[in-house]
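Colleague: Shown below is the structure under consideration.
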Amino acid sequence: MTVVGTFGLSVRDQALEADVQAGLVAVEEGLLEATKSEVPFITEAAQHLVRAGGKRFRPLLVTLAAQFGDPYAPGIVPSAVVVELTHLATLYHDDVMDEADVRRGVESANQRWGNSVAVLTGDFLFARASHILADLGPDAVRIQAEAFERLVTGQILETAGPADGRDPVDHYLDVLSGKTGSLIAVACRFGAMMSGADETVVDVLTQYGERLGVAFQLADDVLDIASDSHESGKTPGTDLREGIPTLPVLRLRERARLLALPEDQALVELLDSDLADDARLAEAISRLRAHPALEQARRDTVRYAQDARAALAPLPECEAKAALLELCDAVVHRAG
């Protein structure tokens, strides 16, 4: 049993391991090539997060989904590069919106070069992704465009907040389906589609990807509170400091509203205060780590991961399916 990639996926089958490893190596080469520019400064900025590493979760899903067709089909690696470039571009923009100092264990682009350069670098990556996408055909362009629209819509809805009378947790889960689930669903869809897999298989893997994507983001929500910067690659409590209503906070507010316990109300008041103060932020993180709301968020993560597992049921038993099932467990483990 061999561990593949930084996500910790263990693969029992040597042929599958070889295919996945070769695919990820080719994607890495494709990312470096796609982020080169005639302007050295643009190359440096565009490769900043590429060279910082990362889990390459989306390319991994592309290569695994491709196992249900021809895993050596020519469109697989380019489509994986497109998905990862799109993801990287959103990280540059996210860090500007969040005023983040650290990303993937290194100084964020906005901290190093300023917001304008970070935003424009993200735009550069979107442009390079579109250039590669154009060679994959009109269907791929349409699928990516629809997913990107959903991604941006999810980000806007998160910023706008729930409409009057809308349950904040339901609203947030819808946000995550767009903001995170859509692109991970595309990773699975591209892998299956580019490999020539049957349309029913493409649909199954797309549904799996969306559910896994939500679980993946919920695990990140838990990590923002429960982990240190070494584990998460970014400063703990970043979302808390920026007032982003992640699931543990929403579960806390829900509990405070329903039970009206003084200790819950006090923690809500702390979260609503100015968390720019490091000591106050540290207190908020410490108290949330010990609060039942964090455990509830973990259970929500498990539920979505189980939904992703269930989506795979129609697929034939094979090593690639076993690996996709294991990814569900790996996502849950991150939030453990």
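The values are calculated or read from the model by the stated rules, or taken from the named source; none is laboratory data. It should be emphasised that the depicted structure is a prediction, and the values quoted were computed from it without experimental measurement. With ideal geometry, Cβ positions are generated from the backbone for all residues, glycine too; neighbour counts draw on all protein chains shown. To get the accessible areas, we keep the full protein, side chains included, count just its heavy atoms, and leave off ligands, DNA and RNA. Shrake-Rupley method; radii C 1.70, N 1.55, O 1.52, S 1.80 Å.
Colleague: Confirm whether L176 is under 14 Å from the mean Cα position of the chain (by Cα) and either of a type in the set (G, A, S) or over 30 Å from E44 (Cβ atoms) (or both).
Modeller: Yes: the conditions hold for L176.
Colleague: While we're here: Look through the range 323-336, keep the residues that are of a type outside the set (D, E, K, R), over 18 Å from Q207 (Cβ atoms) and out of contact with any strand residue (DSSP E or B) (no Cβ under 9 Å at 6 or more places or on another chain), and return whichever of them is most open to solvent (accessible area, probe 1.4 Å). Lay out the reasoning, then the answer.
Modeller: Pass one, the range 323-336, residues of a type outside the set (D, E, K, R): 323-325, 327-328, 330-333, 335-336.
Checking which are over 18 Å from Q207 (Cβ atoms) leaves us with 330, 332-333, 335-336.
Going one step further and asking which of them are out of contact with any strand residue (DSSP E or B) (no Cβ under 9 Å at 6 or more places or on another chain), we end up with 332-333, 335-336.
Values: V332: 44, H333: 148, A335: 3, G336: 79 Å².
Taking the candidates together, the pick is H333.
Colleague: Related question: When you go through V77, V119, V81 one by one, which is the residue that is over 29 Å from A335 (Cα atoms), part of a helix (DSSP H, G or I), among the aliphatic types (A, V, I, L, M) and modelled with pLDDT of 95 or more? Can you show your working first?
Modeller: Numbers: V119 fails: modelled with pLDDT of 95 or more; V81 fails: over 29 Å from A335 (Cα atoms).
Every option except V77 fails the conditions.
Colleague: For the range 175-186, does any single residue satisfy the condition of being without any contact (Cβ under 8 Å) to a residue 24 or more places away in the chain and either outside any helix (DSSP H, G or I) or surrounded by fewer than 15 Cβ atoms within 10 Å (Cβ to Cβ) (or both)?
Modeller: Scanning the range 175-186 turns up no residue that is without any contact (Cβ under 8 Å) to a residue 24 or more places away in the chain and either outside any helix (DSSP H, G or I) or surrounded by fewer than 15 Cβ atoms within 10 Å (Cβ to Cβ) (or both).
Colleague: Looking only at the range 31-53, which residues are in contact (Cβ under 8 Å) with a residue 60 or more places away in the chain, open to solvent by less than 30 Å² (accessible area, probe 1.4 Å) and in a helix (DSSP H, G or I)? If you could, list the steps in order and put the result at the bottom.
Modeller: Taking the range 31-53 as the starting set, the residues that turn out to be in contact (Cβ under 8 Å) with a residue 60 or more places away in the chain are 34-35, 37, 42, 45-46, 48-49.
Next, only the ones that are open to solvent by less than 30 Å² (accessible area, probe 1.4 Å) stay: 34-35, 45-46, 48-49.
Residues satisfying the conditions are A34, A45, A46, H48, L49.
Colleague: Take the residues in the range 1-24 that are in a helix (DSSP H, G or I), more than 20 Å from A129 (Cβ to Cβ) and not polar (S, T, N, Q); name whichever of them is modelled with the lowest pLDDT.
Modeller: Filtering the range 1-24 for residues in a helix (DSSP H, G or I) gives 14-24.
Okay, now just the ones that are also more than 20 Å from A129 (Cβ to Cβ), so 14-22.
With not polar (S, T, N, Q) added as a condition, the list becomes 15-20, 22.
On the way: A15: 87, L16: 91, E17: 90, A18: 91, D19: 91, V20: 93, A22: 95.
The extreme case among them is A15.
Colleague: Identify, from the list D135, D101, the residue that is surrounded by fewer than 23 Cβ atoms within 10 Å (Cβ to Cβ), closer than 23 Å to D228 by Cα, among the acidic types (D, E) and in contact (Cβ under 8 Å) with a residue 24 or more places away in the chain.
Modeller: Result of the check over D135, D101: D101.
Colleague: Within the set of pairs 6 or more residues apart or between chains, which connect a residue that is closer than 8 Å to A335 by Cα and open to solvent by 10 Å² or more (accessible area, probe 1.4 Å) inside the range 210-225 to a residue that is assigned to a helix (DSSP H, G or I) and not acidic (D, E) with Cβ atoms less than 9 Å apart?
Modeller: These pairs meet every condition: D220/T180; D220/S232; D220/R334; L223/S232; L223/R334.
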